[in-house]
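Read the structure below first, then the notes.
The values are calculated or read from the model by the stated rules, or taken from the named source; none is laboratory data. Computed from a prediction, not measured in an experiment: that's the story for all the values here. As a convention, Cβ positions derive from the backbone with ideal geometry for all residues, glycine included, and neighbour counts pool all protein chains shown. Quick note on the areas: whole protein, heavy atoms, side chains included, nothing else; ligands and nucleic acids left out. Shrake-Rupley method; radii C 1.70, N 1.55, O 1.52, S 1.80 Å.
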Protein chains: 2
Amino acid sequence: MAYRRTDSVAARLADTRRHILNAARELVADGGFAAAQMTEVAKKAGVATGTLYRYFPSKEELCRQVFREVSAREMNVLVTIAQGEGSAAERLESVLRTFASRAIRGRRLAFALLAEPVDLGLAEERARFRRTHGEIFATILEEGITSGEFPSRDVRITAACIAGAIPTALIGPLAPESHELDEKSDKVVDEIMQFCLAGVGLLQPRIKMKTAEPRIRA
Amino acid sequence: MAYRRTDSVAARLADTRRHILNAARELVADGGFAAAQMTEVAKKAGVATGTLYRYFPSKEELCRQVFREVSAREMNVLVTIAQGEGSAAERLESVLRTFASRAIRGRRLAFALLAEPVDLGLAEERARFRRTHGEIFATILEEGITSGEFPSRDVRITAACIAGAIPTALIGPLAPESHELDEKSDKVVDEIMQFCLAGVGLLQPRIKMKTAEPRIRA
DNA sequence: GACAAATATGAATCGGTGTTCATTAAAATT
DNA sequence: AATTTTAATGAACACCGATTCATATTTGTC
């Protein structure tokens, strides 16, 4: 009779796969994707390099997977807020603040996702990531326009502007070394939000300065 | 007696150097920096690969030089406008429109400068490029705030927002293949400007829709 | 024209990483 | 226990473009 994959084996395989992904993510989290070399990933995961290729067809796919997992977490947070309670303006405000302040907290990872020089494959994932951000913003904008909270605009373009403005404004401060943000971060976030909210044409951009920071861990 | 470099030789050397830079720039202009391989540059410039290394210490330096030349041209255009006649609001408007519409015209080159995945060395040049954009915007903003045209803001952060918003909003459309812009470009530019001008808090953002396009070639 | 110095050449080399694969170990079936 | 199938190993390999360097050519002096 032929060989049959036992549950316990399947579990161990899944476990190894997780280990590999976690190892890769940790490397990325403190050295960027540049630090995610196959040898290092293998070492950190406690497997041989060849083993990596039993779980992922190539380095590119492994990295993409890491990118997707990390970015999916961020996007879920934003989507939850975007689809939650409150007026469009309130939700936009909350989404923007969350985006920015989470990026600041998870600096290195955020830098890797948003700004680190990466190769073609990852650049593609990054583009997807940006596009999704844009869609989240665009949805809220549409609702806000419908409800009369915002003036009429091309929501795609406006959303793209927001999706570009936030990371760029954060990048100087986001650079792996800079600790400049540890004190001024609130101010930076407020300033960015003011720009974006005014940009969409929100008429009373009174920013709630004392909103509690999002409590989900990075 | 010792050898002495003749004028005619000096001229020829300078000429070769130019040829190399031009060849590289042309490759970048229609294939991005990825297409600027030393072999290709040499072929296009009509010299041997080894010769390249008599003029530039490394590929990185050659590419940086190309980046600087191309970006300097763009920045000069913007600086000229920024330091020109008119109210801060008018100049900001003009700078933004020029930035965006020039990027659209020189699509491939703009994409290479602003968005193409590049290696560390070029990423550094790109960061410098962005920073300079920011400074140009920031200067105008400061003047506008002083003159009372804009509300008071942190000009560095606001400028960074603008410097990020424009390229990102253009990127989808800027991607090498997309011809989507050939028709809609005016609309896209207007929409981006509306966002940015509103973002800085310009109170009457009546955009001059019929401003002549800048006439300097890309 | 002869000699020396500078310049150009391009095939061969090098370097760094991702990937492979012959071999070994582990797990499942009879 | 023997046999077969799957999983893991890691040293060797492959790749690919940047870089080098021994050689040839051109230019400058006497």
| task | Grab the beta carbon distance between B:A11 and B:A34, set R0 = 30 Å, and tell me the FRET efficiency rounded to 0.05. | result | 0.35
| Leading residue at positive end of dipole, the protein assembly as shown (Cβ point charges), from B:A45, A:S147, B:V77 | B:A45
| field | Total lysine pairs whose alpha carbons fall under 27 Å of each other in the protein assembly as shown (8 or more apart, or interchain) | value | 13
| field | Using distinct alpha-carbon pairs, which all enter the 1/r mean, Kirkwood radius of region B:16-106 in Å | value | 14.6
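Averaged over peptide A:148-158, how many Cβ atoms belonging to another chain are found within 10 Å of each residue's Cβ?
Mean shielding by partner chains, rounded to a whole number: 4.
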| request: Please quote Rg/Rh for region B:66-199 to two decimal places, taking the Kirkwood radius as Rh and restricting both calculations to Cα atoms. | output: 0.96
| Peptide B:127-137: average number of partner chain Cβ atoms within 10 Å per residue? | 1
| query | Counting Lys +1, Arg +1, Asp -1, Glu -1, what net charge surrounds B:A45 among other residues with beta carbon under 13 Å of its beta carbon? | reply | +3
| field | Euclidean distance between Cα centres, region A:108-173 to region B:8-71, Å | value | 36
| Can you tell me the Rg and Dmax of region A:10-57, counting just the alpha carbons, in angstroms? | 10.1, 31
| field | Computed FRET value (nearest 0.05) for A:K43 with A:A127, which takes r as the C-beta separation and R₀ as 30 Å | value | 0.45
| task | Evaluate peptide B:184-193: per residue, the Cβ atoms of other protein chains within 10 Å of its Cβ; return the mean as an integer. | result | 3
| task | Any chance you could list P(r) for the protein assembly as shown, counting all Cα-Cα pairs in 10 angstrom bins from zero, rounded to whole %? | result | 4, 19, 27, 24, 15, 8, 3, 1, 0, 0
| said: Run the simple label-point estimate for A:S147 and B:S147 please: 7 Å along Cα→C-beta, distance reported in nm. | reply: 3.9
| request: Just read off the accessible area of A:K187 with the full protein assembly in place, 1.4 Å probe, to the nearest 10 Å². | output: 100
| remark: Label points for A:G46 built 7 Å along Cα→Cβ; distances to same position in the other copies, nm, shortest first, come to 6.4
| Which of these, A:R156, A:R91, A:R126, has the largest mean-square fluctuation under a Gaussian network model of chain A (Cα springs below 10 Å)? | A:R156
| task | Distances from A:E60 to the same position in the other copies: list them in nm, one decimal, shortest first, using label points 7 Å from Cα along Cα→Cβ. | result | 2.5
| field | Residue with peak Gaussian network fluctuation, chain B [Cα springs, cutoff 10 Å], from B:P167, B:P57, B:P151 | value | B:P57
| query | If we hang a label 7 Å off Cα along the beta carbon direction at B:L120, how far is it from the matching labels on the other copies, in nm, shortest first? | reply | 2.3
